[in-house]
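Below is one structure, written out as structure tokens; the observations come after it.
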Amino acid sequence: MVHGCPRCGEAPRVGVLCGDCAAPVAPRDGFLPEHVRSSRGRGEAAGWLVDGFGVGHPVGPATTVGRGPTGDVIILDGSVSREHAELHRGEGGWQLRDLGSRNGTVLDGQRVAGRALLPRRALVRFGDITFVFIGDAVALPEPGVRSIATGHAAGDAVFRFTLRGDDVELCLVGARGDAQAGGALLHRPHGASAWTELSLPPLEFQLLRTLAERALADAAGPARVRGCVPTRNLARALPFQSRFANEENVRQVVRRVRGSLTGIGAGGLVEAAPGRGYYLSWPVTT
């Protein structure tokens with residue numbers, strides 16, 4: 001069992017990877033751990049593709065990679081073609097072949113034209129999604145729970161807030177440091193193991209993010225003001241296209257996000273404090 005980073009041997013920080021090896025494969029905005037899966041068992045691994053969350057996906061001596069449902073390693077991202085690339089281990093070592101993909105396959109910074117020798121510790125990018133390739137049949141640790149919501153996140157690349165209602169558990173996931181972007185809201189009934197993803201546009205996502213951040217910051221404050229963000233502050237903080245956004249614009253965003261939440265059984269999450277602003281009625285944790 002490999003206990004250090006399988007690429008360099010240093011102490012793991014992001015899943016099985018150390019911080020330095022995880023940095024060049026950090027997942028892009030909106031890409032989640034559930035978006036990659038391998039059809040092979042971990043005991044069958046002839047090598048590994050390790051994603052930006054530090055999770056190793058086993059590959060066999062002949063492995064197809066793509067977005068289509070019949071691939072050996074499936075990457076659910078629009079930048080990846082249905083049949084994107086192929087990895088093959090022969091007598092001379094590993095080879096990588098691009099299968100005429102739309103957005104290309106990049107090996108250690110160089111676009112692959114046809115076939116290329118695949119070093120055993122290479123960086124491989126399929127479309128916009130980059131992996132560390134480990135070309136040995138080593139035993140990697142089992143991943144923890146695959147969801148970002150339960151802690152399997154790529155270091156400082158993403159943030160998460162978990163919210164628990166009476167019947168539903170939510171997890172708000174987005175890129176750290178980007179106050180203009182949309183993001184994902186994961187949801188599942190209590191007792192379920194699988195998450196369902198709801199993509200939120202920037203205004204709705206940043207509304208929930210702002211309210212979650214205030215809820216945590218005010219956790220020890222007086223109950224009458226705990227977690228409440230004034231409507232005028234939201235008008236300034238949310239990424240409206242106009243700098244003249246007002247409180248009515250905020251109310252429209254609240255109505256839209258409440259509609260989205262109602263559809264997943266979380267309609268009572270965003271509440272109004274009359275004359276003051278809005279707050280989250282469920283407990284928030286990171």
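Charged (D, E, K, R) and closer than 16 Å to residue 67 by Cα: which single residue out of 115, 102, 121, 111 fits that description?
Values: 115 fails: closer than 16 Å to residue 67 by Cα; 121 fails: closer than 16 Å to residue 67 by Cα; 111 fails: closer than 16 Å to residue 67 by Cα.
Going through 115, 102, 121, 111 in turn, the sole match is 102.
Specify the residue that is modelled with the lowest pLDDT; the eligible residues are those in the range 202-248 that are of a type in the set (D, E, K, R) and touching a Gly at 6+ places or on another chain (Cβ under 7 Å). Working first, answer last.
Our first condition is that a residue be of a type in the set (D, E, K, R); within the range 202-248, this holds for 204, 209, 213-214, 218, 224, 226, 232, 236, 243, 247-248.
Now drop any that are not touching a Gly at 6+ places or on another chain (Cβ under 7 Å), which leaves 209, 214, 218.
Working: 209: 93, 214: 93, 218: 87.
My answer is 218.
With respect to residue 12, is the statement that it is of a type outside the set (Lys, Arg), surrounded by 21 or more Cβ atoms within 10 Å (Cβ to Cβ) and part of a loop (DSSP other than H, G, I, E, B) true?
Details: of a type outside the set (Lys, Arg): yes; surrounded by 21 or more Cβ atoms within 10 Å (Cβ to Cβ): no; part of a loop (DSSP other than H, G, I, E, B): yes.
The answer is no for residue 12.
Inside the range 137-165, can you point out the residues that are at pLDDT below 80, open to solvent by less than 30 Å² (accessible area, probe 1.4 Å) and not in a loop (DSSP other than H, G, I, E, B)?
148, 149, 158, 159
State the number of residues belonging to the range 9-20 that are over 15 Å from residue 141 (Cβ atoms) and touching a residue at least 60 places away in the same chain (Cβ under 8 Å).
Residues in the range 9-20 being over 15 Å from residue 141 (Cβ atoms) and touching a residue at least 60 places away in the same chain (Cβ under 8 Å): 1 in total.
Every residue, every condition in (1) of a type in the set (Val, Ile, Thr); (2) open to solvent by less than 40 Å² (accessible area, probe 1.4 Å); (3) farther than 21 Å from residue 182 by Cα; (4) not in a helix (DSSP H, G or I), yes or no:
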{"residue": "198", "(1), (2), (3), (4)": "no, no, no, yes"}
{"residue": "209", "(1), (2), (3), (4)": "no, yes, no, no"}
{"residue": "214", "(1), (2), (3), (4)": "no, no, no, no"}
{"residue": "251", "(1), (2), (3), (4)": "no, no, no, no"}
{"residue": "255", "(1), (2), (3), (4)": "no, no, no, no"}
{"residue": "267", "(1), (2), (3), (4)": "no, yes, no, yes"}
{"residue": "278", "(1), (2), (3), (4)": "no, yes, no, yes"}
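Select from the range 27-77 the residues that are of a type in the set (S, T, N, Q) and either within 15 Å of residue 136 (Cα to Cα) or open to solvent by 40 Å² or more (accessible area, probe 1.4 Å) (or both) and list them in ascending order.
Narrowing the range 27-77 to residues of a type in the set (S, T, N, Q): 38-39, 63-64, 70.
39, 63, 64, 70, listed by residue number.
Is there any pair with a first residue in the range 93-113 that is on the phi < 0 side of the Ramachandran plot and a second that is aromatic (Phe, Trp, Tyr) and outside any loop (DSSP other than H, G, I, E, B) whose Cβ atoms are under 7 Å apart and which are 6 or more apart or on different chains, and what are they?
So the pair list comes out as 105/126.
For residues in the range 166-201 being closer than 27 Å to residue 241 by Cβ and over 16 Å from the mean Cα position of the chain (by Cα), which is modelled with the highest pLDDT?
180
The values are calculated or read from the model by the stated rules, or taken from the named source; none is laboratory data. Not measured: the values here are computed from a predicted model. Positions of Cβ are backbone-derived with ideal geometry, glycine not excepted, and every protein chain shown enters the neighbour counts. For accessibility, only protein heavy atoms count, side chains too; no ligands or nucleic acids. Shrake-Rupley method; radii C 1.70, N 1.55, O 1.52, S 1.80 Å.
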